[in-house]
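Notes for the one structure printed next.
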Amino acid sequence: MSINNRHKVSDFASRVYELTSKVPKGKVTTYGRLAALLDLKKGAQAVGQALHCNPFAPTVPCHRVVRSDGDIGGFAFGTDSKKKLLKSEGVEIINNKIDLSIYCVK
């Protein structure tokens, strides 16, 4: 996927969006895992901020990125919307948590 930069996103955000766009339906990844793939130590928060400003949703499926403990985390459109999107893709959420051993992209 090529990010059309008419939205003038930073190079960092563009890289985050490119990786996030590869997470398939029915799976999730974590902010920390994306940061690690970008060679950023302790970069999970920066990844989260880039995704919060994602102008390409739903093409870049930021709802598929969760916290490292499986908690669904935040979402610019609200956590209820995030839960609804994930559930519609077959991801089971129990007490706001996702079982990463089942749903996390390997």
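Every number here is computed from the coordinates shown, using simple stated rules; none is lab data. None of the values given here were measured: they were computed from a predicted structure. No Cβ is skipped: glycine too gets one built from the backbone with ideal geometry, and neighbour counts run over all protein chains shown.
Details
- For Lys84, the aspartates and glutamates whose Cα falls under 16 Å of its own Cα, not counting residues fewer than eight places away in the same chain, are Asp71, Glu92.
- Going through (i) 2, 13, 27, 26, 19, 10, 3, 0; (ii) 2, 10, 18, 19, 18, 15, 11, 5, 2, 0; (iii) 2, 13, 22, 22, 17, 12, 8, 4, 1, 0, the figure that equals P(r) over Cα pairs in 5 Å bins from 0, in percent as computed for the structure here is (i).
- In the chain, helices alone account for a calculated mean residue ellipticity at 222 nm of -10000 deg cm²/dmol, with every DSSP H run of four or more residues adding -39,500 (n - 2.57).
- Debye, to nearest 20: dipole size of the chain, +1 on Lys, Arg Cβ, -1 on Asp, Glu Cβ: 120 debye
- Cross-link partners of Lys8 among aspartates and glutamates (Cα-Cα below 18 Å; sequence separation of 8 or more within a chain): Glu18
- The chain: angle of helix 11-20 to the longest principal axis, Cα-based, in degrees nearest 10: 30 degrees
- Under the Karplus curve 6.51 cos²θ - 1.76 cosθ + 1.60, θ = phi - 60°, whole-Hz ³J(HN,Hα) for the stretch 31-47, x wherever Gly or Pro sits: 4, x, 5, 4, 4, 5, 5, 8, 6, 10, 6, 6, x, 4, 5, 5, 4
- Listed by chain and number, the lysines placed with their C-alpha closer than 23 angstrom to that of Lys87 are Lys22, Lys25, Lys27, Lys97, Lys106; residues fewer than eight positions away on the same chain are left out.
- One decimal place: the segment Phe77-Ile94 gains 4.1 nm when fully extended, by the rule 0.36 nm per residue minus the C-alpha distance.
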